[in-house]
Amino acid sequence: MWIMIAGPYTSGARTESERAANLRAMNAAAYRVFQLGHTPVIGVNMALPVIEAARSVDHSHSDDHSGKHDALMMPISLALAARCDAVLRIGGPSKGADEEVEVIRARGGKVFSRLEDVPGHPSPGS
């Protein structure tokens, strides 16, 4: 299955290091999902390089972080969610993560709130 990892990225994060910690948590969960034999997907990982490129192309200043972020992060993440079979919701409150969950739920996808509930068989050497 393609399983989206949905969790807070900017929600509750006041600094870049807190956002980075949130992303590390999603990436760690993605690795565990991969070990279970699935394809993990993270909307933030898809959107961040596009946001960076948009700033470069448009010559946006670094203080315009929210403009490009707001215009691209959720549309890209939600488009990706629409192609996933399931979602693993991790972490604390996040409007964006909850929107990803709802897109997948509306399509009849599975929603997991614990890694232990994700089906699969660990690959050899995991």
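Descriptive notes on the structure:
- Estimated distance in nm for a label pair at residue 18 and residue 115, the labels positioned 7 Å out from Cα along Cα-to-Cβ: 2.4
- Sites excluded, trypsin sites (Lys or Arg not before Pro) in DSSP loops with at most 13 other C-beta within 10 Å, longest stretch of the chain: 15-82
- Percent RCO, i.e. relative contact order, over the chain, from Cα pairs under 8 Å lying at least 6 residues apart: 36
- Distance between modelled label sites at residue 25 and residue 95, nm, 7 Å Cα→Cβ extension: 1.9
- Residue among 85, 70, 98 with the largest mean-square fluctuation in a Gaussian network model of the chain, springs linking Cα atoms under 10 Å: 70
- Label separation (residue 102 vs residue 79): 2.1 nm, computed from points 7 Å beyond Cα along the C-beta direction.
- Cα pair count fraction exceeding 22 Å, expressed as % - the chain: 35
- Within a Gaussian network of the chain (alpha carbon springs, distance under 10 Å), most fluctuating of 33, 101, 50: 50
Taken together, the values in this text are just the output of simple stated rules run on the coordinates, not laboratory data. For clarity, every value in this text was computed on a predicted model and none was experimentally measured. Because the Cβ atoms are built from the backbone with ideal geometry, glycine has one as well, and the counts that use them run over all protein chains shown.
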